Amino acid sequence: MTIRSRRETVHFKRPFRIRRIERLLPAGAYEVVTDEETIEGLTFSAYRRVATMITVPAEGACGVLSIGSVDLANAQAADASATND
């Protein structure tokens, strides 16, 4: 089994919430890392997501929190719809 990591930067124009994170996060750019593992036994290469993590500001430092990919997508959609009002 092979694991690969994909990094991306997501931007929020307004403060936002992600389910299971107890606090309001400030607007800004956030690094998101998604880990995927190979699905064995197929005749083609395929991967499944096994973890999604976001780097968030913490008191005097940064922390990495595990989040759900759907929760991240919901937060991004809410941010996009709020900016279109």
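Using a cutoff of 8 angstrom between alpha carbon atoms and counting only pairs six or more residues apart, the relative contact order for the chain works out to 27 percent. A cut-off under 13 angstrom between Cβ atoms defines the neighbours of Pro15, and their net charge, with Lys, Arg +1 and Asp, Glu -1, is +3.
In order along region 72-78, the phi-based Karplus estimate (6.51 cos²θ - 1.76 cosθ + 1.60, θ = phi - 60°) of 3J(HN,Hα) comes to 5, 4, 5, 5, 5, 5, 5 Hz; Gly and Pro are listed as x.
Annotation: the residues Ile21, Ile39, sorted from fewest to most other C-beta atoms within 10 Å of their own C-beta, follow the order Ile39, Ile21.
In terms of overall dimensions, region 3-83 has a Cα radius of gyration and Dmax of 14.5, 48 angstrom. Residue exposure proxy: Glu31, Glu22, ordered by other Cβ atoms within 10 angstrom of their Cβ from fewest to most, comes out as Glu22, Glu31. When the chymotrypsin sites (Phe, Trp or Tyr not before Pro) in region 20-85 are filtered for DSSP coil states and for at most 11 other beta-carbon atoms within 10 Å of their beta-carbon, the remaining sites are Phe44.
Computed from the coordinates by the stated procedures, all read-outs in this text should not be read as laboratory data. Every value quoted in this text rests on a predicted model; they were computed, and no experiment measured them. Positions of Cβ are backbone-derived with ideal geometry, glycine not excepted, and every protein chain shown enters the neighbour counts.
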